[in-house]
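One structure below.
The values are calculated or read from the model by the stated rules, or taken from the named source; none is laboratory data. None of these values were measured; they are calculated from a predicted model. Note: ideal-geometry Cβ built from the backbone for every residue, glycine included; neighbour counts use all protein chains shown.
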Amino acid sequence: MQTQTLIIGAGLSGLALADRLQHAKEDYLVLEARARLGGRIHTKNVTSTLGQSNDFDLGPAWFWPGQPMVASLAQRFGLNVFEQYASGDLMYEDRHGQPHRGMGFASMEGSYRMDGGLTGLIKNLTKGLPEDRLHLSTRVVAITKKPDGLEVRAITGEREWSILAQSVVLAIPPRVAMSKIAFTPALPQAAQRAFSDIATWMAGQAKIMAVYERPFWREQGLSGDAMSQKGPMVEIHDASPAQNGPYALFGFVGVPANVRLARADEIVRLARDQLVRLFGPAMQNPLSITMQDWAGEEWTATASDQTPIGYHPAYHYPPQAEGLWDGRLLFGSTEVASQFGGYIEGALVAAKDAQARLAWQRLVAAS
Ligand SMILES: Cc1cc2nc3c(=O)[nH]c(=O)nc-3n(C[C@H](O)[C@H](O)[C@H](O)COP(=O)(O)OP(=O)(O)OC[C@H]3O[C@@H](n4cnc5c(N)ncnc54)[C@H](O)[C@@H]3O)c2cc1C
């Protein structure tokens with residue numbers, strides 16, 4: 001099998017690049033290791049006893065003013081954008097578990113969300129791609145530089161196959177590329193180190209999503225925002241849809257990844273107790289409560305991501321990747337975006353950057 005451009009990863013960056021190549025009438029293929037699309041964009045559907053249903057974001061949820069590419073994609077697909085719910089008092093929980101009303105400082109007022117969750121972007125991008133361009137449950141295990149292109153070895157179930165591509169875009173976190181793919185000839189040591197040093201944004205984090213029939217916190221004049229020094233959730237926000245239910249709160253978990261992964265059930269139980277302490281006894285019976293632990297996801301997090309970083313790295317295209325394998329091997333996830341690296345906006349910027357690099361490489365090769 002042959003293709004012009006092989007895109008590894010069907011997260012937002014890989015699908016946005018596929019969308020660009022599709023519109024440019026170019027030849028491409030997308031290979032995705034997971035059985036689902038979206039990568040770090042992932043939602044859980046919950047239906048209330050009243051029959052109301054919504055997709056809740058277990059990965060990213062927000063984007064911000066000044067991020068034009070997400071906004072215009074939402075507009076292109078007719079997706080409803082709304083402001084993060086922030087009316088009412090904030091809560092703060094001290095280290096003894098004592099709640100204090102009106103003392104929190106973690107409001108996300110001014111952030112935008114998308115009705116039905118960010119998977120709306122993924123579903124709509126995919127609709128425009130012919131089915132035979134996209135292979136799910138297909139992990140890339142090796143890439144070999146050959147005289148006539150790059151040979152990509154992939155595994156789908158029991159089947160191992162290879163594709164000859166003129167260019168390969170690694171629309172996957174650079175750390176995941178270094179830990180999952182064998183490159184022949186080996187990449188220079190300094191380049192391998194540089195790529196492995198690029199922290200994958202939010203890969204070490206976990207979110208707990210608790211969904212309710214009614215917004216009990218709003219009914220008491222609370223916004224749903226809370227900070228806690230006791231935990232297990234350290235920062236909590238409203239995650240309900242724009243209108244109607246079911247309603248939800250989500251929290252980032254402040255417990256180290258190794259403990260989370262070993263004691264997930266206990267942490268979820270403690271999180272429910274915490275919601276009762278902060279927002280009252282009605283919180284005891286959610287329709288659904290789930291922990292999505294990204295640190296345990298092999299296609300997102302590596303061993304180096306188990307300790308979350310406490311700052312937002314200054315992401316950029318790594319200089320060691322410039323001109324790699326005659327410019328045929330490119331990086332393309334949000335972590336290498338020229339702007340907004342780490343964010344979903346960055347994933348869209350990375351796709352635009354990758355398309356420009358592909359065009360440049362072809363120009364150079366032809367001259
Ligand atoms: C908990 C959490 C909260 C976040 N909150 C926000 C937020 O509010 N706002 C925001 O802007 N951003 C947020 N982010 C970051 C956001 O999720 C990312 O910027 C964005 O989703 C990255 O998209 P991507 O396509 O570049 O990478 P990914 O989504 O990681 O996609 C990479 C894809 O490649 C696949 N893959 C990996 N290796 C292989 C292989 N060898 N073969 C085939 N396929 C492979 C993976 O399965 C995955 O589908 C958050 C992230 C997390 C985890």
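A few points about this structure:
- Test: residue in the range 275-291 that is free of Cβ contacts under 8 Å to residues at least 60 places away in the same chain and within 30 Å of E32 (Cα to Cα): no
Residue-by-condition table, conditions (1) within 14 Å of T200 (Cβ to Cβ); (2) surrounded by fewer than 20 Cβ atoms within 10 Å (Cβ to Cβ):
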| residue | (1), (2) |
| --- | --- |
| A271 | no, no |
| M283 | no, no |
| Q306 | yes, yes |
| S333 | yes, no |
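Yes or no, residue by residue, for (1) in a helix (DSSP H, G or I); (2) in contact with a helix residue (DSSP H, G or I) (Cβ under 7 Å, 6 or more places away or on another chain); (3) under 19 Å from K207 (Cα atoms); (4) away from the ligand (no atom under 16 Å from the Cβ):
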| position | (1), (2), (3), (4) |
| --- | --- |
| A71 | yes, no, no, no |
| H96 | no, no, no, yes |
| M103 | no, no, no, yes |
| S107 | no, no, yes, no |
| G117 | no, no, yes, no |
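- Criterion: touching a residue at least 60 places away in the same chain (Cβ under 8 Å) and either within 15 Å of E345 (Cα to Cα) or assigned by TED's automatic domain parsing to the domain that holds A337 (or both) - qualifying residue of Q67, Q75, Q52: Q67
- Within the range 276-330, tally of residues that are among the basic types (K, R) and not assigned by TED's automatic domain parsing to the domain that holds Q52: 1
Every residue, every condition in (1) near the ligand (Cβ under 6 Å from one of its atoms); (2) surrounded by 23 or more Cβ atoms within 10 Å (Cβ to Cβ); (3) under 19 Å from R328 (Cα atoms), yes or no:
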| position | (1), (2), (3) |
| --- | --- |
| G9 | yes, yes, yes |
| L17 | no, yes, yes |
| R20 | no, no, yes |
| R36 | no, no, no |
| K44 | no, no, no |
| D55 | no, no, no |
| L58 | no, yes, no |
| W64 | no, no, no |
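A quick yes/no check of all residues on (1) without any contact (Cβ under 8 Å) to a residue 12 or more places away in the chain; (2) more than 10 Å from the ligand (Cβ to nearest atom); (3) among the small types (G, A, S):
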{"residue": "L125", "(1), (2), (3)": "no, yes, no"}
{"residue": "E131", "(1), (2), (3)": "yes, yes, no"}
{"residue": "L134", "(1), (2), (3)": "no, yes, no"}
{"residue": "V141", "(1), (2), (3)": "no, no, no"}
{"residue": "G149", "(1), (2), (3)": "no, yes, yes"}
{"residue": "W161", "(1), (2), (3)": "no, yes, no"}
{"residue": "L164", "(1), (2), (3)": "no, yes, no"}
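Matching residues to (1) touching a residue at least 12 places away in the same chain (Cβ under 8 Å); (2) in contact with a Pro (Cβ under 7 Å, 6 or more places away or on another chain); (3) hydrophobic (A, V, I, L, M, F, W, C); (4) not assigned by TED's automatic domain parsing to the domain that holds A365:
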site	(1), (2), (3), (4)
A171	yes, no, yes, no
P188	yes, no, no, no
F216	yes, no, yes, yes
L222	yes, no, yes, yes
F250	yes, no, yes, yes
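- Residues of the range 73-87 satisfying the condition of being within 17 Å of M108 (Cα to Cα) and more than 12 Å from the ligand (Cβ to nearest atom): V81, F82, E83, Y85, A86, S87
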